[in-house]
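Worksheet for the structure shown next.
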Ligand code: HEM
Ligand SMILES: [Cu+2]
């Protein structure tokens, strides 16, 4: 290997690939685990899409996988349908798009883009991954137990989740779900503490907050949201555990099972919804913000233009961060809440549209008249912007407390959040993989396969989720086993078959990506030092950065990351590490003044303890 | 290019000089605040839906509150002597704090006993009563974690590792301990206002 680097301490296979404390390895562990979960979660959606699209189909061929969950007549067991939906949601939201997305890119990019040797605490970082792994194992096991996994929806509302006798998934399956989520939250909190501490404490010389790439800003704010919202889920889950195992009645009151009253009285299931959505809404931004950050970076690089409105981007992300904590009750408009309170939450919800729209306009204006390079990463980023717009528009309807009476808990909601959160973030994640693959593995992914993957997935997502809006407006509720039992919805059978076929094609298209990913890892073309001609400093590391990232001193940063196509400059990009004194031909007047400070930066003493170099 | 010049807003600043571990502790404290914020908010939501009976809060809680306030003072004394390198006094005051912490836990337990005597159980249908157990119990778990930390610092002080040139560890312990004291004060006042 070219730069196999200056450290002497021995590393065994175990410390290098398994219990590694290197942020790049941990990032790859997160990525691989995330991909694994995405396949499971995706396959589940295909199974229940088969049920919805082809209700008369004989599913006997699934018996080898699903065993007893296929009834003797070859149908999907209705209770298992609910289990599948619940697991699909849980897996996608938490395991793929929270851990898989943030875990991968925060870990990989934070030290590389701010100029640090590693995370503030490599040990806690490793611990964070292994808690996630433990959580994954528990959740995975829960899928295979005889009573089935948790089945009350990914939002685990009581009383279904609070009473083990309520349905078969409410027993052991629900318990394992809670155990897995406890480990998961520990992992998120450890990770978040590390991300924030690293960004604040370990930036290289010159890397002020006003020179941070927008990726880092988004990871930073995501971690803050996580730190503030996940403890509230802990509180909610703890009270739920007490109700389940000790017989308290925090969430329970006046429940009859088979005509018999339960002893628990005095609690309120609505209380759980308040606590859950105080996490739940910020969670959608935990999922989305990193994807938006990645997109900002990729769109600016490949439009060969400075990001439009760098400051506006930061301010709108800050706005989203704050607002995301005060809109949670828009998930509860129909729980009988005071209509006046509903209006307040409606107002706050609609206000979030403003920073979101600012971001969209900034993406579009960055693209406008850009010298666009359509790399696969760029395609996926533009796809994200498209989903963000089309899914965001329906959010304005759902945020309206009167309209929500009709739309709540219908497929309209499913269509909305799959576009704006699910598909958008998923595209952000794919874009990130295509873009940073050369830095992760030192090789290039095949772009032809990338384009095929993009077009199939992009068209597929719209074909799957666009029709769901109509079914939703017609009033079909989500989480229902079957359409065909209701005359009113019989007219949608063809549409539903189309959706299911599109879902299958979309799912299969992901295998093109998988092949590309693993093939390129070993056989891809060797990556040049800076394949996208990008400004950020991760591209100044060796092709495959070793432990400690830069072999020598960490470079100094002199300018913001978006000096693309600067008038006067020889090249259409100027790395953040190029001092203004070397670019006199393209400097703006105030930048010439900054030349005086460069000496000062160079003389600043570098503090490097703790990383053993 | 008509773009803001955000990238040159400030010159180059050195990164924050706070010790990363201390900073991480503050982040952790933030999460604990959110946890108890959630519990007390849940109480308020619950109380807005049904009336709370007027019950007698256990008397032991008053004594435990006084105990933990005193322990904050002894903790501060230990830190004071650490800065002055008076090694034997550090040990004395750390030990004192540890003992007071254990007394606090004991008193919280007695408070549970009192609740049971008044027929307020963790698992009754009186949810407001269950909440008292949750507040004290979860706070108690945090106190236990702090006592373990305190024991580690105490052990370090016996090895002469706590002195004016090596204050990080004791400083973090002091911060955490004061925080948990303040947290308890908040919870106690919250209970007084609601019952
Ligand atoms: C292959 C792509 C996908 C397909 C075909 C698909 C399909 C579906 C369908 C039809 C439902 C509703 C089932 C019902 O209510 O009966 C559903 C639920 C859900 N999906 Fe997806 N989905 C896909 C990917 C994703 C992704 C990437 C996410 C990440 C956010 C996601 C998150 C969710 C959530 C949170 C639910 C709600 C679960 C619940 O009701 O508890 N899905 N999905
Ligand atoms: Cu929301």
Original post:
Can you name the number of the only condition in (1) in a helix (DSSP H, G or I); (2) surrounded by fewer than 23 Cβ atoms within 10 Å (Cβ to Cβ) that residue A:147 fails?
Top reply: (1)
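In the range A:572-580, is there at least one residue being in a helix (DSSP H, G or I) and touching a helix residue (DSSP H, G or I) at 6+ places or on another chain (Cβ under 8 Å)?
So the first thing to find is which residues in the range A:572-580 are in a helix (DSSP H, G or I), and the list is A:580.
Still in the running and touching a helix residue (DSSP H, G or I) at 6+ places or on another chain (Cβ under 8 Å): A:580.
Checked the range A:572-580: at least one residue is in a helix (DSSP H, G or I) and touching a helix residue (DSSP H, G or I) at 6+ places or on another chain (Cβ under 8 Å).
This table checks each residue for (1) in contact (Cβ under 8 Å) with a residue 60 or more places away in the chain; (2) within 11 Å of ligand 1 (Cβ to nearest atom).
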| position | (1), (2) |
| --- | --- |
| A:31 | yes, no |
| A:35 | yes, no |
| A:47 | no, yes |
| A:52 | yes, yes |
| A:58 | no, no |
| A:62 | no, no |
| A:65 | no, no |
| A:69 | yes, no |
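The rows are residues; the columns are (1) crowded, with 18+ Cβ neighbours inside 10 Å; (2) part of a helix (DSSP H, G or I); (3) in contact with a strand residue (DSSP E or B) (Cβ under 9 Å, 6 or more places away or on another chain); (4) in contact (Cβ under 8 Å) with a residue 12 or more places away in the chain.
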residue	(1), (2), (3), (4)
A:93	yes, yes, no, yes
A:97	yes, yes, no, yes
A:100	yes, yes, no, yes
A:119	yes, no, no, yes
A:143	no, yes, no, yes
Original post:
Restricting attention to the range A:235-273, and to residues there that are within 23 Å of residue B:31 (Cα to Cα) and touching a residue at least 60 places away in the same chain (Cβ under 8 Å), which single residue is surrounded by the most Cβ atoms within 10 Å (Cβ to Cβ)?
Top reply: A:272
Original post:
Hey, residue B:53 hits all of (1) under 30 Å from residue A:278 (Cα atoms); (2) part of a helix (DSSP H, G or I); (3) in contact (Cβ under 8 Å) with a residue 12 or more places away in the chain; (4) more than 18 Å from the chain's Cα centre (by Cα) but one; which does it fall short on?
Top reply: (2)
Original post:
Only one residue in A:97, A:160, A:124, A:101 is at pLDDT below 95 and within 14 Å of ligand 1 (Cβ to nearest atom). Which one?
Top reply: A:160
Original post:
Does the range A:279-294 include one or more residues that are within 14 Å of chain B (Cβ to nearest Cβ) and more than 15 Å from ligand 1 (Cβ to nearest atom)?
Top reply: no
**OP:** Hey, can you tell me all the residues within the range A:239-269 that are facing chain B (nearest Cβ under 9 Å) and more than 19 Å from residue A:174 (Cα to Cα)?
**Re:** A:253, A:263, A:264, A:265, A:266, A:267, A:268
Original post:
Name the pairs whose Cβ atoms lie under 7 Å apart, with the first residue in the range A:330-343 and within 14 Å of chain B (Cβ to nearest Cβ), the second within 14 Å of ligand 2 (Cβ to nearest atom) and in a helix (DSSP H, G or I), and 6 or more positions between them or separate chains?
Top reply: A:332/A:273; A:332/A:277; A:335/A:273; A:337/A:329; A:341/A:329
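The values are calculated or read from the model by the stated rules, or taken from the named source; none is laboratory data. Owing to the predicted nature of the structure, the values given are computational and were not obtained by experimental measurement. Don't worry about glycine lacking a Cβ; one is built from the backbone with ideal geometry, like all the others, and counts go over all protein chains shown.
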